[in-house]
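Data block below; observations after.
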Amino acid sequence: MTGPLVAREWRRALGRGIGLPIVFFLLVATLVPFATGPDAGLLGAVGPGMLWIAALLAALLPVDRLVAPDLADGTIDQLRLRGVSCEWIALTKLAGHWLAFAPPLLVALLPAAALLGLGEAVMPRLAASLLVGTPALAGLGLMAAALTAGLARAGALAGLLVLPLGVPVLIFGTGAAQGEAGAMALLGAVSLLLSAASPFVAGVALREA
């Protein structure tokens, strides 16, 4: 049942308009040069960090529709009656969420980097850091979605929960993109921890909900 559940989450993400996070990501890349000016050195210094912030916020955009609709229409209750644990439901949501936003984000990285004037030397490191770090962003989004499902103003609450936890991901992700020693390994460790813990945290939240 795992494959069909992951495919269902992926299709639902596409139906929710996965283009919106990508458009947001590209808009940030477009607006940053207007705010900082056309100085290539300055854009090269702040560009990777700005794209990482854009990636974090883009991962949060669909949070209010990741878990709440399935709780409201009884889908999660039906899956539990069929013997699917809450943790396994959360794991399929994590996989579907990542598949829906991370690969398009990596494709959108090409025009975004061009808009910021990032050189060819930065691009492979930036792409690798996003590839390693996006599971952490998906895990943070899943935990926030499960913890705030059914609450009023869930999107704002999710932001308050995720942004402090996302600080280490941003620090190590930006450091890895800029080639700092050891940053990629630390990013991988944080990403592994968050992506492995998120199904259990979200599963407890779903069970209580």
What whole-number value in Å² describes the accessible area per residue of the chain for a 1.4 Å probe?
-> 46
Report the convex hull volume per residue for the chain, counting only C-alpha atoms, in Å³.
-> 107
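At most 11 other C-beta atoms within 10 Å and a DSSP loop state: those are the exposed trypsin sites (Lys or Arg not before Pro) I care about. Give me the longest piece of the chain that has none.
My reading of the result: 1-81 is the longest stretch.
To the nearest 20 debye, what charge dipole does region 29-188 have about its Cα centre, counting +1 at the Cβ of each Lys and Arg and -1 at the Cβ of each Asp and Glu?
With Lys and Arg at +1 and Asp and Glu at -1, about 180 debye.
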Quick one: dipole size for region 33-94, taken about the Cα centre, charges +1 on Lys/Arg Cβ and -1 on Asp/Glu Cβ, in debye to the nearest 20.
-> 140
Only helices counted: for the chain, with every DSSP H run of 4 or more residues adding -39500 (n - 2.57) and the sum spread over all residues, [θ] at 222 nm is -28500 deg cm²/dmol
Considering the chain as a Gaussian network with a 10 Å cut-off on Cα pairs, which listed residue, GLY133, GLY117, GLY141, attains the greatest mean-square fluctuation?
-> GLY117
Write down, largest first, the equivalent ellipsoid semi-axes of region 58-134 in whole Å, where each equals the square root of 5 times an eigenvalue of the alpha-carbon gyration tensor.
-> 36, 13, 7
Ratio of Rg to Rh over region 18-77 (Cα coordinates, Kirkwood Rh, two decimals) = 1.24
Report the residue, chosen from ALA90, ALA183, ALA144, that carries the largest GNM mean-square fluctuation when the chain is represented by alpha-carbon nodes joined by springs under 10 Å.
-> ALA183
Sorted from largest down, what three extents in whole angstroms do the Cα atoms of region 1-121 have along their principal axes?
-> 59, 26, 21
What's the extension gain from GLU120 to PHE34 if we count 0.36 nm per residue and subtract their Cα-Cα distance?
-> 28.8 nm
For region 51-100, report the translational diffusion coefficient in µm²/s to the nearest whole number, using Stokes-Einstein at 4 °C, 1.567 mPa s, and a Kirkwood Rh over Cα pairs.
-> 107
Just GLY19, GLY83, GLY173 to compare: in a GNM of the chain, with alpha carbon springs under 10 Å, which one fluctuates most?
-> GLY83
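The values are calculated or read from the model by the stated rules, or taken from the named source; none is laboratory data. Every value quoted in this text rests on a predicted model; they were computed, and no experiment measured them. Because the Cβ atoms are built from the backbone with ideal geometry, glycine has one as well, and the counts that use them run over all protein chains shown. Protein only, heavy atoms only, side chains kept; ligands, DNA and RNA dropped before computing areas. Shrake-Rupley method; radii C 1.70, N 1.55, O 1.52, S 1.80 Å.
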